[in-house]
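Mind having a look at this structure? Questions to follow.
What follows is calculated from the coordinates using simple rules that are stated; it is not laboratory data. Note that the coordinates shown come from a computational prediction; the quantities given were computed from them, not determined experimentally. Reconstructed Cβ throughout: ideal geometry from the backbone, glycine too, with neighbour counts over all protein chains shown.
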Amino acid sequence: MSPATRADSVRDRIVSAAKAEFSQRGIAGARIDRIAKAARTSKERVYAYFSSKVALYRFVSAQELATVGEATRMDPTDLPGYAGRVHDYFTDHPERFRLMSWGQLELDAGDSLPHDTFRESVAGKVEQLRDAQEAGQLDDHWDPVDILVLVHQIATAWAAQPELLPPSDADRATFLTARRAAIVAAVERLFPAAAN
């Protein structure tokens, strides 16, 4: 194995361990020594790649933001379908929902998430919504920022309420299927999918 491959492997292990640590314990509760141990490396090695715990959190949350965007693909002409995909993603991956939520809870507004990456993601989606409004595919009485926030809040409602989920897997699957249908219906009433 080449030195570059070994370095990538160590860095990848650090990132993987950090995702697990941050999603379980948040930023304040996460410990670099636990991340290093889980990654089978030293604290010094973690700090060689990431200057601080917050820098490491920003990196992993930026990765997750990109992964969510790829997995859910916002289509401004089908916001009900988008809401369903966001619901599916975060109910299938509750640890990733927690990972993203910790930044909003623990970091100052100037530091929240990977700030520039998050703002760029939001700006891109707002622009897509505005373009759809200008093309007559989406109600232009709404501010695009309000549309985005409302759709996301509705779509993640059940990811944010894990204590209300039934304990058994079979019951949970049936429950979440019904919740998904309610989410899609709610968004459809607010922002109907454009006719093709």
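So, in the chain, how many Lys pairs have Cα atoms under 18 Å apart, if the pair is 8 or more places apart or on different chains?
Summing the qualifying lysine pairs gives 5.
Related question: In nm, to one decimal, how far is the Ala28 label point from the Ser101 one, both placed 7 Å along Cα→Cβ?
It works out to 1.6 nm between the two label points.
Another question about this same structure. Roughly how tilted is helix 169-190, in degrees to the nearest 10 and between 0 and 90, from the longest Cα axis of the chain?
Once rounded, the angle reads 50 degrees.
State, as an integer percentage, the relative contact order of region 34-148 based on alpha-carbon contacts under 8 Å between residues 6 or more apart.
About 23 percent, as a whole number.
For region 39-153, what is the convex hull (Cα atoms) projected area averaged across all directions, in square nanometres?
Mean projected area for region 39-153: 8.2 nm², to one decimal.
With n ≥ 4 as the cut-off for DSSP H runs, can you work out [θ] at 222 nm for the chain, using -39500 (n - 2.57) per run divided by the number of residues, rounded to the nearest 500?
That calculation yields -24000 deg cm²/dmol at 222 nm.
On to the next question. Using label points projected 7 Å from each Cα along Cα→Cβ, tell me how many nm separate Asp8 and Asp139, to one decimal.
4.9
Once you put a point 7 Å from the Cα of Glu44 and another 7 Å from the Cα of Thr177, both along the Cβ direction, what distance in nm separates them?
5.6
Tell me the Kirkwood radius of region 111-172: reciprocal of the mean inverse pair distance over distinct alpha-carbon atoms, in Å.
14.0
Taking the Cα atoms only, what angle lies between the long axis of helix 94-106 and the longest principal axis of the chain, rounded to 10 degrees?
80
Order the peptides 69-76, 32-39 from the highest to the lowest mean number of other Cβ atoms within 10 Å of their residues.
Final packing ranking: 32-39, 69-76.
So, R0 is 25 Å and r is the distance between the beta-carbons of Gln153 and Glu127; what FRET efficiency does that work out to, to 0.05?
Efficiency computed from Cβ-Cβ geometry: 0.80.
By how many degrees, 0 to 90 and rounded to 10, does the Cα axis of helix 3-29 deviate from the longest principal axis of the chain?
Between the helix axis and the principal axis of the chain, the angle is about 60 degrees.
What's the magnitude of the charge dipole for region 41-95 around its Cα centre, counting Lys and Arg as +1 and Asp and Glu as -1 at the beta-carbon? Answer in Debye, nearest 20.
The calculation lands at about 420 debye.
Using just the Cα positions, wrap the chain in a convex hull and report its mean projected area in square nanometres, one decimal place.
13.7
Compute the Cα gyration tensor for region 46-113, then decide on rounded, prolate or oblate, letting a ≥ b ≥ c be the square roots of its eigenvalues: rounded whenever a/c is under 1.5, prolate when a/b is larger than b/c in the other cases, and oblate in all that remain.
prolate
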